[in-house]
1. Dipole size in debye (nearest 20) for region 56-103 around its Cα centre, Lys and Arg Cβ +1, Asp and Glu Cβ -1?
2. Counting Lys +1, Arg +1, Asp -1, Glu -1, what net charge surrounds residue 46 among other residues with beta carbon under 13 Å of its beta carbon?
3. Using only the alpha carbons of the chain, what is the convex hull's orientation-averaged projected area in square nanometres?
4. Straight-line reach from residue 161: which lysines have a Cα under 21 Å away, not including same-chain ones fewer than 8 places off?
5. Once you list every other residue whose beta carbon is under 15 Å from the beta carbon of residue 130, what net charge do they have if Lys and Arg are +1 and Asp and Glu are -1?
6. When we measure straight from the Cα of residue 91, which aspartates and glutamates land under 13 angstrom away, once same-chain ones fewer than 8 places off are left out?
7. Which whole-Hz ³J(HN,Hα) couplings does region 78-87 yield from phi under the Karplus relation 6.51 cos²θ - 1.76 cosθ + 1.60, θ = phi - 60°, glycine and proline marked x?
8. Report the charge-dipole magnitude of the chain in Debye, nearest 20, computed about the Cα centre from +1 at each Lys and Arg Cβ and -1 at each Asp and Glu Cβ.
Amino acid sequence: MTAGGHGLSLPFARDGVRCDPSTTEEHTMAFALAPTMATRIADLYRRMEQAYDIVARQLDFTCDGCPDNCCDSYFQHHTYLEWAYLWEGLKALPEARRKLILERAADYAAKCEEALANGERPVVMCPLNEEGRCALYAHRLMICRLHGVPSSLTLPNGQGKTFPGCPRCQELTRGRAAVPTVERTPLLRELAMLEQELLGPQRGVLPKVKKTIADMIILGPPQL
């Protein structure tokens with residue numbers, strides 16, 4: 001079986017796809033994000049960070065010294081754009097380092113498969129985490145940038161959702177009458193708009209994305 005048409009084989013399957021961590025270069029350069037699109041997603045990510053930092057400062061919140069690590073949280077991501085931009089970062093790494101990340105991604109996926117099969121929510125360290133730091137910090141995905149502080153979101157049907165932040169932040173805000181939040185709605189709308197531009201006529205034809213970072217690494221750059 002092949003991984004996204006890349007002709008790779010793995011000793012385990014993920015979402016019905018097999019891949020070999022020992023074979024990376026064949027599919028690494030398969031897709032390149034247009035420079036203008038890469039610049040636009042980078043700018044959006046920068047504004048996400050600014051929104052996060054404003055709320056963090058208002059709460060006097062920091063991750064320094066926290067005994068927990070949000071990088072072992074089980075998140076799935078939903079855009080081809082973020083997948084492609086993640087790979088722009090991966091492609092810039094030396095081949096040896098990229099291979100190690102791919103091997104960690106394979107291990108991550110196998111452990112998640114086992115946890116999910118047992119009806120458990122996986123708690124596995126992200127394959128990009130290296131000694132407590134993200135190997136692709138500048139290319140980390142939206143949820144990695146916004147998770148932690150309180151935030152809110154208005155869904156397309158008008159329903160509102162709130163996110164209280166990580167456990168440390170919830171302790172910090174407990175009992176407060178008013179809590180500042182990051183308003184995710186305009187940021188997500190812009191991300192959706194960029195996604196539509198990227199996909200063009202393939203929008204609605206390509207399968208929806210619902211993948212962990214490890215899945216995105218294992219499968220290689222998205223085939224668009």
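Computed from the coordinates by the stated procedures, all read-outs in this text should not be read as laboratory data. For clarity, every value in this text was computed on a predicted model and none was experimentally measured. Neighbour counts are summed over all protein chains in view; Cβ atoms, including those assigned to glycine, are modelled from backbone coordinates with ideal geometry.
1. Rounded to the nearest 20 debye, it is 260 debye.
2. 0
3. That works out to 13.6 nm², a quarter of the Cα hull's surface.
4. 210
5. +2
6. The reachable aspartates and glutamates, counting only those whose Cα sits under 13 Å from residue 91, are 25, 26.
7. After applying 6.51 cos²θ - 1.76 cosθ + 1.60, I find 9, 10, 5, 4, 5, 4, 5, 5, 4, 6 Hz.
8. My answer is approximately 540 debye.
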